[in-house]
Amino acid sequence: MLSEESAQAPANNVEVRDGVQYVTITAQGGYSPSVSTIVPGIPTKLIVKTNGTYDCSSTLVIREVGFQKTLEPVGEEVIDLGIPKSGGSIQGICGMGMYNFTVETK
């Protein structure tokens, strides 16, 4: 389970490489960080990392982009978030609705 402090810490998990914005989160006992802030208008990909993830956070649903999948227990899943618009947000939620994360634009 994630500590409340780590879930509330400022996200330093966004980088732009070759014109694509990458947001990296970890799925295990929830999602960390719980909130990520991105720049709108840039092609964006979400990287979800797992490492021995067998709880409900391994089943990920992102309705805004039509993604629903049980992630491999160990590895990375790259999910295309498209080109997010200003003022929007994308939410990921576990299969049981217990854990979630948000990617929001500035």
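The values are calculated or read from the model by the stated rules, or taken from the named source; none is laboratory data. All values reported here derive from a predicted model rather than from experimental measurement. So basically every Cβ, Gly included, is an ideal-geometry build from the backbone, and we count neighbours across all protein chains shown. Accessible surface is based on the protein model in full, side chains and every heavy atom, while ligands, DNA and RNA are left aside. Shrake-Rupley method; radii C 1.70, N 1.55, O 1.52, S 1.80 Å.
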Filter result for residue 53 (part of a strand (DSSP E or B) and in contact with a strand residue (DSSP E or B) (Cβ under 8 Å, 6 or more places away or on another chain)): no
Members of the range 33-58 that are free of Cβ contacts under 8 Å to residues at least 60 places away in the same chain and crowded, with 16+ Cβ neighbours inside 10 Å: 44, 46, 48, 49, 50, 53, 55, 56, 57, 58
Residue in the range 5-32 that is modelled with the highest pLDDT, counting only those that are under 15 Å from residue 103 (Cα atoms), open to solvent by 30 Å² or more (accessible area, probe 1.4 Å) and in a loop (DSSP other than H, G, I, E, B): 12
Selected residue (only one of 104, 76 is part of a strand (DSSP E or B), under 19 Å from residue 14 (Cα atoms) and under 11 Å from the mean Cα position of the chain (by Cα)): 104
Complete set of residues in the range 79-92 that are more than 18 Å from residue 15 (Cα to Cα) and open to solvent by 40 Å² or more (accessible area, probe 1.4 Å): 87, 91
